[in-house]
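This report concerns only the one structure given below.
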Amino acid sequence: MRTQRTFTFLLSFLFGVLIFSVIGFAAGESLLVDAAKRHDTTAVRGLIAKRANVNETSRDGSTALLWAAYHSDVAMARALITAGANPNLANKYGITPLLQASRTGADEVVQTLLRAGADPALAHPEGETALMAASFAGSLPTVRLLLEANADVNAVDSYQKQTALMRAAAEGHTEVIQALLDAKADPNKKAHVTELEERKHADHATGGFTALMFAARNGHEAAIRALIKGGADPKLTNGDGATPTIIAIVNDRFDLAKTLVELGADPNDGSLYFAVDMHDATSDMRARDGSRLRADHDNALGALDLVNCLNWPSGSAPQDPKDLKVPVLLLGVQNDPIVGNEGVAAVAATVINAGSTSKRVMWQGIGHGATIYSSCALPPVLGYLDTGNLPATDIYCPA
């Protein structure tokens, strides 16, 4: 008798657990959404046939149609839409079926959604549109479908104020870039510029990149050519005052820097300073906090090869001094690839004509900047800075 009661109790308990589990699943998850998430098209069709609610959501707000887009399953998407699925329902994270399909370049799903009334203007909470997502993914068919559906080609996200063109340029998707330019994308629009005025502990970029700057930073020559042909201005500067040429150089893209100058960039924009800086720098020049090493890309050109196409920024030459009251210490290099080796002699003559005296400290090597390469040059320089007195004779430091 006791055994029978125990068995009855256990059976009742297990049945209760089963009922609770089913009720719990029903309260938290949709059978249809679960089937779509598992990519079980047969189960999805079966549930549709049983008149399941095709717009029911899971706990995170995802619909079966969103999961169909995730799996790039056009057949499942069509079945759900035919049964009345809303193509514009987003989950709790702001992702619509159209945005999800655009992120993976599922053009057939995108076409199905657009025909069903999906709105290409609906954006993620941070402003990402379907066109931005497709441009970043490099899906030309998807981009064309969205443009045909009147997607805003110059829309910007709410976080970094980047456009679809900037995202395509950063990834080097040249065909997408051309499609966007043909649709009147603005090639000179700038991304967000930070409002921070004080920096502490670490340096960071100010922002304000154009599409051309993204392409230059990441080394996409074909994208650069397409952008400039489409009206991108290679002379624009970002929030730090850097041009695309400067950005290319500091990212070890010397070949691209030369290409930019050939395509119309200003050779007097200060790029040569950065080329010399890159030449003189060590491989860990940007790792002051141990976090970032200098970039190292394959280049046919070296940093100093850019001397042939870049210039020092210059204005009108100042008038020579007439009555110079201080002695002058002249620093030079016997073979300077940047400024040549005639400058020291010319300045020495100017000093004499101004009624003063000078002495020379010369490094007899090849490079730019005597004190960088030769410890021999430092003592007379430090002595001059400390006392204002020139060394007794000219000093020539061996290479």
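Throughout, read-outs are computed from the coordinates displayed, never taken from laboratory work. Here the structure is a predicted model, which means the values were calculated and not measured. Using ideal geometry, Cβ is built from the backbone for each residue, glycine included, and neighbour counts are taken over all protein chains shown.
Assorted remarks:
- Listing Lys190, Lys325, Lys37 from fewest to most neighbouring C-beta atoms within 10 Å gives Lys325, Lys37, Lys190.
- One Cα centroid belongs to the stretch 356-375, the other to the stretch 66-92; the line between them spans 72 Å.
- Under 14 Å, Cβ to Cβ, from Asn53 - net charge with Lys/Arg +1 and Asp/Glu -1: -1
- For the stretch 121-252, a simple Cβ point-charge model (Lys and Arg +1, Asp and Glu -1, everything else neutral) yields a dipole of about 260 debye relative to the Cα centre.
- Gain upon complete extension [Asn335, Asp60; 0.36 nm per residue less C-alpha separation]: 92.1 nm
- The peptide list 171-178, 390-397, put in order of mean Cβ contacts within 10 Å with the highest first, becomes 171-178, 390-397.
- FRET efficiency for Thr42 and Leu89, using Cβ-Cβ distance with R0 set to 25 Å, rounded to 0.05: 0.60
- The fewest-to-most ranking of Tyr384, Tyr159 by surrounding Cβ atoms within 10 Å reads Tyr159, Tyr384.
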